[in-house]
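Contents: one structure, followed by commentary.
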Amino acid sequence: MTAAAAKKPIPLGIPGRGPEEVEESYRFSEMALALIEEHNTPPFPETYAFWYSYASRTSDSLVSAVDRMIEGRSEISRYEMGEIAKAHLPKEDELTRTNERIGKEFSARISDVVDLVRSGASDSNEFQKALDSIGADLPDQITQEGLKKVLARLIEENQHMVERSRALHAGLEKSQEQIAQLSIELDDVRKQSTRDPLTGVANRRSFDAHLEQSIAAALKTGESLCLVMADIDHFKNINDNFGHQVGDDVLKVFAHLIRKNVKGRDLVARYGGEEFAIILPKTEAHSAVKLIDSIREQISQKRLLLRQSREKLGQITASFGVAAYENGISSAEFIEKADVQLYRAKRTGRNKVCLSERSCETISG
């Protein structure tokens, strides 16, 4: 297999497709083995995983980095592959470790608070005992000198209690600040685990979870639910002609345009590569088509320029497949319905919105 053949975009598989998914995995495996041989890399598990990720386009940034690395070269070192994998493959382990660290620190801070509260309770008990002792030591007939001694003891015990209260307050305040900072870190980790780092929209993991929740809500309430699969037309040509950095910028523009057109309850996700998914709860099919056709028209009307040369990028278009949820179908079947319409839009000329069995041309074009 040539490097050019390996660069060819590969349609992403959809979990739940059964034999098709297995067949796709075999295809990626064959490509990975061919790449190992072509670039003289040892057939170790980590090198196989590296080339499998490249063949299956697990990460677009990894594909771009590898394309640049293998251009005009036949041999790639394990060190180079390791550096690229470290920089571009999803850092699930790193996020997990960060989660674990934050969890341990949360536990430690809560333990600190519990200890401080216990210490405060103990100090209160000691203060009460001191007051009881002073009361017990009071004679029936107290002299002026005796009264001075009692007052001196009361002042001393009160001062000790004030100091301990201040220490307790300072400790609780510090723990509160630490817990607030940990909450911010935890929120950052959560966002990292659910967001596509390039475009800022939801990632595939977040999309899968949100789709299941949306289906469950639609089944419970009986309200409409639509799913849209979108794909930038001729995206490979953009990468080939202008470079992957420009391709990344196009993805960002497309994602931003979709996000500004949908409502807060809707979800926009990068499904993979140049393909995006849009979940539209409480939306009828005709309303979904109207919204998506507006997005299609907006992106087709944009005229992008390269920053430095001011060269025109040309018209950017996208194709869309819309599916309305039907009771009883799984999330994988729902995705399949929208995907079928997306590829109909592609096959019939691109820059279209397709829904169900209706003619794409009558909807838009």
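The values are calculated or read from the model by the stated rules, or taken from the named source; none is laboratory data. What you are looking at is a predicted structure, and each value in this text was computed from that prediction instead of being measured. Cβ placement follows ideal geometry from the backbone for every residue including glycine, while neighbour counts extend to all protein chains displayed. What goes into the accessible areas is simple: the full protein's heavy atoms, side chains included, and nothing from ligands, DNA or RNA. Shrake-Rupley method; radii C 1.70, N 1.55, O 1.52, S 1.80 Å.
Please state the relative contact order of the stretch 308-358 as a whole percent: Cα pairs under 8 Å, 6+ residues apart?
On the way: 56 pairs, mean separation 22.8, N = 51.
Dividing the mean separation by the residue count of the stretch 308-358 yields 45 percent.
Size of the stretch 261-326 along its principal axes in angstrom, Cα-based, largest extent first?
Principal-axis extents of the Cα atoms in the stretch 261-326, largest first: 49, 22, 21 Å.
Suppose accessible area is computed on protein heavy atoms with a 1.4 Å probe; arrange K263, K352 from highest to lowest. List each step's numbers first, then the result.
Details: K263 120, K352 20 Å².
Reading off the accessible areas and sorting them downward yields K263, K352.
Once the whole set of protein chains is in place, how much accessible area is left on R27, using a 1.4 Å probe, in Å² to the nearest 10?
Looks like 100 Å² after rounding.
Going toward the positive end of the dipole of the stretch 283-330, with +1 on Lys and Arg Cβ and -1 on Asp and Glu Cβ, which of A324, I295, A285 do you reach last?
I295
At 1.4 Å probe size, what's the solvent-accessible area of R265? Round to the nearest 10 Å².
100
Taking the dipole about the Cα centre of the stretch 190-250, with the C-beta of Lys and Arg at +1 and of Asp and Glu at -1, give me whichever of G200, M229, A216 is farthest to the positive side.
Of the candidates, A216 comes out farthest on the positive side.
Would you mind calculating the relative contact order of the stretch 191-251 from Cα pairs under 8 angstrom and at least 6 residues apart, reporting the percent as a whole number?
Working: 24 pairs, mean separation 12.0, N = 61.
Rounded, it is 20 percent for the stretch 191-251.
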